[in-house]
């Protein structure tokens, strides 16, 4: 009698234990699976963050080379140099209307007889900062530029692409870049500033020759020396 009861109890107890053990095993497997999924998600997340950081690094590292040598799309511009001769700390203002600034410079040039330099660049550009520093370190060249030209800073940046203003001229070959305009706004010359360097610095001699060659006084001398002018006189 006692053995039969024990057998029945053991038969009933065994399936319950097995069921409980299976449920516990399934529960633990589920937890492990969830942990495994979380680990896989984290493993995927880290490379994505590293990849994004790598793209940012590559983009920043490529800016100086792009600034000096790349062929660029169309973009913006700012205002003439102050009469004090001191260049502003951040001359390339993307909030300005380049086309309006050029028209203003043309009106001023017709009054003064000066020519116009459109200096295309950006505050992000190391070579543009070097160019501003170059003129600060060579006040004689800054004086020649101010006496003969109205300088208009054209901001070339992602914030504002003044395509309407720059579409009037030839292609920008690199940043910074000069466009020489006559007093009526006619483009006279497109100057890639790499050509005004010696090694990895701007050349004072080359810059002086450039400014002198395109000054209004040089144009007057050239015109008076031409055979057609002498014949009219």
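Every read-out reported here was derived from the displayed coordinates using simple, explicitly stated rules and does not represent laboratory data. Fair warning: this is a prediction, and the values are worked out from it, not measured in the lab. Positions of Cβ are backbone-derived with ideal geometry, glycine not excepted, and every protein chain shown enters the neighbour counts.
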Self-check item: For peptides 197-203, 104-110, 147-153, sequence by mean Cβ density within 10 Å, most packed first
Solution: 147-153, 104-110, 197-203
Quiz item: Going 7 Å from the Cα of residue 130 toward and past its Cβ, which residues in region 178-197 have a backbone nitrogen under 13 Å from where you end up?
Solution: 193-197
Practice problem: Any chance you could check the Cα centroid distance between region 160-217 and region 100-121 for me, in angstrom? | Solution: 13 Å
Quiz prompt | Estimated distance in nm for a label pair at residue 104 and residue 159, the labels positioned 7 Å out from Cα along Cα-to-Cβ | solution = 1.6 nm
